[in-house]
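The values are calculated or read from the model by the stated rules, or taken from the named source; none is laboratory data. In this text the structure is predicted, and so the values were computed from the model without any measurement. FYI the Cβ positions are ideal-geometry reconstructions off the backbone, even for glycines, and counts take in every protein chain you see. Each accessible area value is taken on the protein alone, full model and side chains, heavy atoms only, with ligands, DNA and RNA left out. Shrake-Rupley method; radii C 1.70, N 1.55, O 1.52, S 1.80 Å.
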Amino acid sequence: MSSDGGKGDLLLTMRGLRIEGQSDEEWHEIVKGVDLDLHRGEVLGLIGESGAGKSTIGLAAMGFARPGCRISAGEIVFDGVDLMKASESTKRKLRGVRIAYVAQSAAASFNPAHRLIDQFSEGPVEHGVSGRAEAESDARELYGKLLLPDPDRIGYRYPHQVSGGQLQRAMTAMAMACRPDLIIFDEPTTALDVTTQIEVLATIKNIVEEFDTAAIYITHDLAVVAQMADRIKVLRFGETVEEADTATMMTSPQQEYTKTLWAVRSFKKEPIPAKSKEPLVSVKNVTAAYGAVPVLHDVSFDIYRGKTVAVVGESGSGKSTTARVITGLLPPREGQVLVNGEPLPGDYRHRTKAQLRHAQMIYQMADTAVNPKQRIREIIGRPVSFYLGLSGRRLEERIRELLSLIELEPDKFIDRFPGELSGGQKQRICIARALAAEPEFIICDEVTSALDQIVAEGILRLLDRLQRELDLAYMFITHDLATVRAISDEVVVMLKGRIVEQGPREEMFTPPHHEYTDLLLSSVPEMDPHWLDDLMERRRRDGMMASTSTS
Amino acid sequence: MSDQDNITAQTADAVAPPPPRKRGVRDALRALAKAPLSAKFGLVVIVFYVFVAVFAPVLTPFGESEIVAAEYELWGTEVEHTDAEGRTQTVTLMFGTDNLGRDMLTRLLYGARNTIGIAFVTTCIAFLLGGVGGILAATVGGWTDQILSRIVDILMAIPALIFALLLLTIFGTSVLSLVLVIAVLDSTRVFRLARAVSLNVVVMDFVEAARLRGEGLSWITLREILPNIMPPLVAEFGLRFCFVFLTIASLSFLGLGLQPPTADWGSMVRDNATLITYGDITPLLPAGAIALLTVGVNFVVDWFLHKTSGLRDEQ
Amino acid sequence: MHNIVKLVAQRMALGLLVLFIVSLIIAAGVDALPGDLCQEMQGQSATAETLEACRKEIGLDKALPLRYADWLGGILKGDFGVSLANGRQISELIGSRLGNTFFLAGLAAIISVPLALALGILAALYRNGIYDRGVNVVTLSSISFPEFFIAYILILWLSVNWGWFPSLSNVGGDTPLAERAYKSLLPALTLTLVVVAHMMRMTRASIINLLASPYIEMASLKGMTKSRIILKHALPNAWAPIVNVVVLNLAYLIVGVVVVEVVFVYPGLGELMVDSVRKRDIPVVQACASIFAATYIILNMTADILSIVTNPRLLHPK
């Protein structure tokens, strides 16, 4: 895609856009005066962390505000039509015909009661763009262009009969149905696995180019936006931070905030020299099942003191189940878990207090991992008094010490409830709670994937520092290869309940790889704007597209 | 890793951390001041009823079932009344007398005591049974949950009023059997709710964390789960109270609830029902008293639900 | 389709099982009596011989399972036994009354179901407006009213003051349909008022829930008209919740009928049951309870089955 900024005439302009949202019967500003220009055929990337107001702006481009939100001021002009002043019926005639929308969760955004092709045809037929038969044949053609399997028949299925990645492409096809001038993509690949994401990204990019459609591409993922957009606009707290064409933005961001965003992925832990030859935890030939459904097959790996093992895989690979076996929530069918050479009882209820204490867990969603009705003092203090029997002043001192350890000021935080903390602070509290037990080994289950990138980076650095200071062993479960690259010593790659490949980090990230590891690694978007095109070119050459497009 | 990086990470975390919430009596009063008119009305009604129920004997010179005049005297009839110390005075019977010549107002005041008291006790028992059962079923799971849930399914498959009628036929209509029968039947609803809301909490990671820490059942239920399910339980208490109150009133109205000579609003309606055909609204007084209280409680619960969860739309 | 047939069959089997257990409970209840049925019947005048004879006659000398089998067999043939109070066949007592009760509940349903659905959908569409808030207060109040309160207010106005309707609904077996409907209107209206509030609140809640779905937002972002969104996008998914609301409230009507029948001295099953409870005429109470419970269980089962067969995810399995 060219990076010359504007391609054609101005299609959409926003001036001083302000949007308010209602909470507790009061109105708060979500978008605080944003200007935006979009030319015909141009793809604008809107990037920002949660709460930046990017989706709200995307919807405003259609003259739409969600219930509980209102556009309070500003100007939105789409191809000469002032959307702020336009009547509902004028806006209705634009929506779906000239401006279309692709939602984050296709599974929820398709009506479960109608077939895909019916929902595709609805737009063209209702808006009088084309007849039913014409729309259906167009649908089949678009399904083909978007590389959906069996494009002649897939439209006659219901949404729940089709996989997530396919639904997302079907939704893109639906958005294309009236050949709109503008499509809003609202995080279309966020809910997908990396290997699926790449396919969807590639097909979206191709079709947008083919029809020369302008697009607003909303995402929080820098590498993704670098592939998709001609121009990038960075948002924070409902305000524009900066805006430039993609190449400029990637190479020389101007603002401090943008620079930190860009720098986030630079963290890489220093390797720690091995201290002991005996594994601290070893998982030996574990096979496990939920009821009759087998989920783990003969899984074995070791974790050494002071080292991090990253377990990588996509959803359904069995990585979290492995953690459940180690913690004793799911007793294995076969095999066992050894700690310091001693086998642990399969069921956590049969383990001793000391055995429980030595393996702690940090969860993905810090929100649900701490009891919202307990103060920080109790959340961190309970394991201290429960395992170590401290009380009174010594307990208080220990809680404060732990808070300092996770870089939160004790006086400010000790009496707060979790609801009074930000997401990253909550995750720190979870870390403190794990540390309070004075464990040797901590399982980190996707601990950074629910956090914004800068905050996630802070958590990773904290975990790394604690590992050095306290000689902790981590089992780090993640689907994000960037995280793996940053923090692991050893890597275990899982697929469908089996270990595909395992070994030291450096070895895993240098070829030759196992076929699946290769697919996984090559699917992680890189910041280079040409990466996606190059990759697709390479895969087309290797004929890999065919084998994965059924995902 | 430099200090510079650490600061970045920390400032990122410090991004808009919500300020500490304000709590306390002052805040509760402020919330109250902002409450809709219906909720304020409901609160006033409840306070008034509780006052009447507690001070009934002080508020009237007559005894609960004392016959003071001829039956069905009109509103505002005056009678001579001699109290315990032998002093005689003229008392105006504001609402006249009932079918046996007892003072209607006195009966209404005592009725508040009996009807509300019994409904309250019944609701408490229902909550004790259903609440404990529901939380346990959700926390322990497995067979305990299966057995308790199936028993409740069966009990709920029969309409409560019909079941109550059947049981009262068998066990007779004493206050004790009334309270127990209604409490057991009603506890099934509490069980369902307590189990459902507990299940939402039980799947949370902090409960798993507590289990993996090795905490016992009492810590998990009392410290981890209970505080998180209080708002729906409190709201449910209000709703269940209304339901129990109405059921008992209905049973009394049918002649199967509280037995004479106890003053009770349901049976007062029934005893004086014939008056309605003469256009006399006296029997509507106890009926209205029942309606007013349930309306008041429902208004307060509605506001409370709206306030605590924003889930008004989902009830 | 295989899946859905299996689910429906499972649900029906479950319904039958529940019916069976409930019948067990009702039958066994009698055994919890202090003393037994014959002592209850004969009271003070009982002698050892008459008791013995009585027990033999109604089969009390047999073991409980046998007696249960007899009783259930009887019911299935329409034989509910004999009333203790007057020695008449219970099936005779129940016969016309059952019809009356269903007539009353049916009349109430015909008025209340369309009314409640319309009001509920309107409240959902214009939620948080003045209409919605007003409706919320009114329905919340009317839910809180005991049935007899509403009944007497209606009697006072529509019957005593204005004389439009009779306050007693003395319908008989040979009352012509029009007169029957006229005489039953006041009790039906009472039931309607009680049930409409419930039904429309539930309708409102489920419609609001539905309208919050992302696919409804998607439809409006596709530029569909409001009416099309409601008819084509919301309605096909609304059947399950609406059917549920309707059937649950029909079941509620069956119970609500008891009090209303007593107020209006309407010769229905509910009135008979209350009367028999007062007389402790246990076989009659048993029979009435069985019929009420069976109706209730079957209605609930129907609600479940209807929501299974209208669920698009189950209708079109993978």
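Mind counting the residues in the range B:273-296 that are assigned to a loop (DSSP other than H, G, I, E, B), within 7 Å of another protein chain (Cβ to nearest Cβ) and surrounded by 22 or more Cβ atoms within 10 Å (Cβ to Cβ)?
First, the residues of the range B:273-296 that are assigned to a loop (DSSP other than H, G, I, E, B): B:279-283.
Within this subset, residues satisfying the condition of being within 7 Å of another protein chain (Cβ to nearest Cβ) are B:279, B:281, B:283.
Imposing the further condition that a residue be surrounded by 22 or more Cβ atoms within 10 Å (Cβ to Cβ) reduces the set to B:283.
So the answer is 1.
Taking strands (runs of 3 or more DSSP E) as the structural unit, those lying wholly within the range A:270-347 and holding at least 2 residues that are in contact with an Asp or Glu (Cβ under 7 Å, 6 or more places away or on another chain) correspond to A:281-290, A:308-312.
With respect to the conditions (1) closer than 27 Å to A:T321 by Cβ; (2) at pLDDT below 90, A:E420 lacks only one, and its number is (1).
Scanning for something touching an Asp or Glu at 6+ places or on another chain (Cβ under 8 Å), over 30 Å from C:P283 (Cβ atoms) and of a type in the set (A, V, I, L, M), does the range C:127-142 turn up at least one residue?
Checking the range C:127-142: at least one residue is touching an Asp or Glu at 6+ places or on another chain (Cβ under 8 Å), over 30 Å from C:P283 (Cβ atoms) and of a type in the set (A, V, I, L, M).
Output yes when any residue across the range A:53-63 is part of a helix (DSSP H, G or I), under 30 Å from A:S163 (Cβ atoms), more than 8 Å from chain C (Cβ to nearest Cβ) and open to solvent by 30 Å² or more (accessible area, probe 1.4 Å), and no when none is. Within the range A:53-63 (the criterion being part of a helix (DSSP H, G or I), under 30 Å from A:S163 (Cβ atoms), more than 8 Å from chain C (Cβ to nearest Cβ) and open to solvent by 30 Å² or more (accessible area, probe 1.4 Å)), the answer is yes, since at least one residue qualifies.
Restricted to the range A:6-65, and to residues there that are of a type in the set (D, E) and out of contact with any strand residue (DSSP E or B) (no Cβ under 8 Å at 6 or more places or on another chain), the residue that is modelled with the lowest pLDDT is A:D24.
Of the residues that make up the range A:387-397, is at least one surrounded by 19 or more Cβ atoms within 10 Å (Cβ to Cβ) and out of contact with any strand residue (DSSP E or B) (no Cβ under 9 Å at 6 or more places or on another chain)?
The first filter runs over the range A:387-397 and keeps only residues surrounded by 19 or more Cβ atoms within 10 Å (Cβ to Cβ), leaving A:387.
This time we only want the ones that are out of contact with any strand residue (DSSP E or B) (no Cβ under 9 Å at 6 or more places or on another chain), so: A:387.
Yes, there is a match, as at least one residue in the range A:387-397 is surrounded by 19 or more Cβ atoms within 10 Å (Cβ to Cβ) and out of contact with any strand residue (DSSP E or B) (no Cβ under 9 Å at 6 or more places or on another chain).
Taking the residues in the range C:163-178 that are in contact (Cβ under 8 Å) with a residue 12 or more places away in the chain and not aliphatic (A, V, I, L, M) as candidates, determine which candidate is least open to solvent (accessible area, probe 1.4 Å). Please lay out each step first, then the result.
Going residue by residue through the range C:163-178, those that are in contact (Cβ under 8 Å) with a residue 12 or more places away in the chain are C:165-173.
Next, from what is left, pick out any that are not aliphatic (A, V, I, L, M): C:165-167, C:169-170, C:172-173.
Details: C:F165: 40, C:P166: 38, C:S167: 26, C:S169: 0, C:N170: 101, C:G172: 25, C:G173: 73 Å².
Within the range C:163-178, the match that is least open to solvent (accessible area, probe 1.4 Å) is C:S169.
Filtering C:A188, C:A197, C:A181 for residues that are over 30 Å from A:F185 (Cβ atoms), open to solvent by 10 Å² or more (accessible area, probe 1.4 Å) and more than 14 Å from chain A (Cβ to nearest Cβ) leaves a single hit, C:A181.
Within the option set B:T82, B:T92, B:T60, B:T88, being open to solvent by 30 Å² or more (accessible area, probe 1.4 Å), at pLDDT 75 or above and of a type in the set (V, I, T) holds for one residue only, B:T88.
The rows are residues; the columns are (1) of a type in the set (K, R); (2) open to solvent by 20 Å² or more (accessible area, probe 1.4 Å); (3) assigned to a strand (DSSP E or B).
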{"residue": "A:I184", "(1), (2), (3)": "no, no, yes"}
{"residue": "A:T190", "(1), (2), (3)": "no, yes, no"}
{"residue": "A:I198", "(1), (2), (3)": "no, no, no"}
{"residue": "A:L201", "(1), (2), (3)": "no, no, no"}
{"residue": "A:D212", "(1), (2), (3)": "no, yes, no"}
{"residue": "A:I218", "(1), (2), (3)": "no, no, yes"}
{"residue": "A:A223", "(1), (2), (3)": "no, no, no"}
{"residue": "A:Q227", "(1), (2), (3)": "no, no, no"}
{"residue": "A:L235", "(1), (2), (3)": "no, no, yes"}
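Those helices (runs of 4 or more DSSP H) of the range A:373-454 in which at least 1 residues are in contact (Cβ under 8 Å) with a residue 60 or more places away in the chain, β-branched (V, I, T) and within 12 Å of another protein chain (Cβ to nearest Cβ), considering only elements entirely within it, cover A:423-436.
Among the residues of the range C:285-310, how many are aromatic (F, W, Y) and open to solvent by less than 30 Å² (accessible area, probe 1.4 Å)?
Within the range C:285-310, residues that are aromatic (F, W, Y) and open to solvent by less than 30 Å² (accessible area, probe 1.4 Å) number 1.
Yes or no: the range B:121-136 includes at least one residue that is modelled with pLDDT of 90 or more, within 30 Å of B:P283 (Cβ to Cβ), open to solvent by 60 Å² or more (accessible area, probe 1.4 Å) and not aliphatic (A, V, I, L, M). No, every residue in the range B:121-136 fails to be modelled with pLDDT of 90 or more, within 30 Å of B:P283 (Cβ to Cβ), open to solvent by 60 Å² or more (accessible area, probe 1.4 Å) and not aliphatic (A, V, I, L, M). Scanning the range A:120-127 turns up no residue that is part of a strand (DSSP E or B), open to solvent by less than 10 Å² (accessible area, probe 1.4 Å) and farther than 19 Å from A:E187 by Cα.
If the condition is being facing another protein chain (nearest Cβ under 10 Å) and open to solvent by 20 Å² or more (accessible area, probe 1.4 Å), then the range B:256-272 contributes only B:R270.
Given the options C:Y68, C:Y126, name the one that is of a type outside the set (A, V, I, L, M, F, W, C), surrounded by fewer than 14 Cβ atoms within 10 Å (Cβ to Cβ) and either in contact with a helix residue (DSSP H, G or I) (Cβ under 8 Å, 6 or more places away or on another chain) or within 14 Å of chain B (Cβ to nearest Cβ) (or both).
Details: C:Y68 fails: surrounded by fewer than 14 Cβ atoms within 10 Å (Cβ to Cβ).
Going through C:Y68, C:Y126 in turn, the sole match is C:Y126.
The C-beta contact set for the range C:61-75 (first residue outside any loop (DSSP other than H, G, I, E, B), second residue loosely packed, with under 12 Cβ neighbours inside 10 Å, distance under 9 angstrom, 6+ apart or interchain) comprises C:L72/C:F20. Only residues that are free of Cβ contacts under 8 Å to residues at least 12 places away in the same chain and in a helix (DSSP H, G or I) were counted across the range A:518-532, and they come to 1.
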